[in-house]
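Undergrad: Have a look at this one before I ask anything.
What follows is calculated from the coordinates using simple rules that are stated; it is not laboratory data. A quick note: this is a predicted structure, and the numbers were derived from the prediction, not measured. Backbone-built Cβ (ideal geometry, glycine too); neighbour counts: all protein chains shown.
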Amino acid sequence: MDIKAYIASGILEQYVLGKLSPQEEAEVEQIAGQHPEIRQELSAIELALEEYALLHGRTPPPGVLSAILQRLHTEQKLTAHPGGGRRAWLGYAAGLLLVAALAALLALYQKNQQQQTAIAGLDQQLNTLRQSCDSVQIFAQRLEDALDFVRQPSTRAIVMESTGLSEGAVATVFYNPETRRSLIGVGQLPAPATDKQYQLWAITSAGPVSMGVFELEAEDQPLQEVDFVGEAQAFAVTLEGRGGSPVPTLAQMYVLGNNS
């Protein structure tokens with residue numbers, strides 16, 4: 001049995017969150033009893049989720065995603081094996097998305113508890129609760145969609161590193177030429193002025209092509225969707241006027257990464 005592949009499949013996270021059928025749960029427990037590595041991974045996942053819930057009890061701020069994405073970039077660069085880096089950032093991405101989903105559900109539960117203590121305006125509270133449930137469902141669907149996309153074999157993770165304009169600046173483009181879809185994860189970029197906005201560019205043989213503008217912190221979006229540009233040789237992020245620019249301002253290029 002390929003232990004690493006089994007751990008990377010995401011079934012252990014689903015087991016901890018109670019998303020498996022009784023038959024699937026029994027299978028996980030049997031395999032965990034036979035393999036100490038899987039049992040240790042289960043314990044680590046449970047401990048991480050429990051500690052996060054106990055310490056915070058609320059939806060993590062957007063900065064948490066940025067910090068973990070930056071850690072993914074570091075892990076990917078430090079892993080020498082061609083397939084090792086991919087497994088590392090996939091594991092972190094899966095953990096990140098699962099923790100975010102658990103925190104969102106915990107926040108909903110706490111809000112529900114508070115509403116139950118109030119008698120007046122019960123109808124209004126129930127309507128608010130329904131809206132909250134709808135929001136959490138949409139958020140969870142976005143998390144699952146992002147995780148599925150990142151884990152696709154044809155999805156590439158292109159790390160864009162600082163050009164020297166801002167030390168430590170980093171962002172990642174998740175690029176899939178088969179599905180013709182692109183997402184961006186912001187690792188670390190300095191906060192822009194209110195009249196400025198970051199813009200992503202694909203560098204092609206014909207020159208730079210805009211992939212759209214994006215925000216540093218997008219509400220309820222762990223990864224932001226951007227335009228797909230085929231045959232991209234590299235990617236870069238520049239700081240432009242709000243709404244974007246038809247051509248990149250090279251003097252304001254913060255990060256750059258090759259699509260290799």
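Undergrad: Hey, can you grab everything whose amide H is under 5 Å from the amide H of Gly187? Only 5+ residues off in sequence or another chain; H modelled, so Pro and N-termini drop out.
TA: Residues meeting the criterion, in which the H sits 1.01 Å from N, are Val170, Ala171, Thr172.
Undergrad: How high is the relative contact order of the stretch 156-258, in percent, counting Cα pairs under 8 Å that sit 6 or more residues apart?
TA: Values: 246 pairs, mean separation 32.4, N = 103.
Over the stretch 156-258, the number comes to 31 percent.
Undergrad: Sorted by mean Cβ packing within 10 Å, highest first, what order do the peptides 147-154, 195-202, 208-215, 170-177 take? Working shown, then result.
TA: Details: 147-154: 14.8, 195-202: 20.0, 208-215: 18.0, 170-177: 22.6.
Ranking the peptides 147-154, 195-202, 208-215, 170-177 by packing returns 170-177, 195-202, 208-215, 147-154.
Undergrad: So what are the ³J(HN,Hα) numbers for the stretch 224-232, from phi and the Karplus equation (6.51, -1.76, 1.60; θ = phi - 60°), rounded to whole Hz, Gly and Pro as x?
TA: 9, 6, 10, 5, 8, 10, x, 6, 6
Undergrad: What residues have an amide H closer than 5 Å to that of Asn259, excluding those fewer than 5 places away on the same chain, when H is modeled at 1.01 Å from N in the peptide plane?
TA: Residues meeting the criterion, in which the H sits 1.01 Å from N, are Ala234, Phe235.
Undergrad: Please list 233-245, 33-45 highest first by mean number of surrounding beta-carbon atoms within 10 Å per residue. Don't skip to the end; give the middle numbers.
TA: Details: 233-245: 18.2, 33-45: 14.3.
Sorting 233-245, 33-45 by mean packing, highest first, produces 233-245, 33-45.
Undergrad: Another question about this same structure. For a distance above 17 Å, tell me the whole-number percent of Cα pairs in the stretch 156-258 that qualify.
TA: 46 percent
Undergrad: Starting from the 7 Å offset along Cα-to-Cβ, what nm value, one decimal, do you get for the label separation of Leu17 and Ala5?
TA: Result: 2.4 nm between the two label points.
Undergrad: Calculate one ³J(HN,Hα) per residue across the stretch 6-17 by plugging θ = phi - 60° into the Karplus curve 6.51 cos²θ - 1.76 cosθ + 1.60, and present them in order as whole Hz with x for glycine and proline.
TA: Running phi through 6.51 cos²θ - 1.76 cosθ + 1.60 with θ = phi - 60° gives 5, 5, 6, 5, x, 5, 5, 5, 5, 5, 4, 7 Hz.
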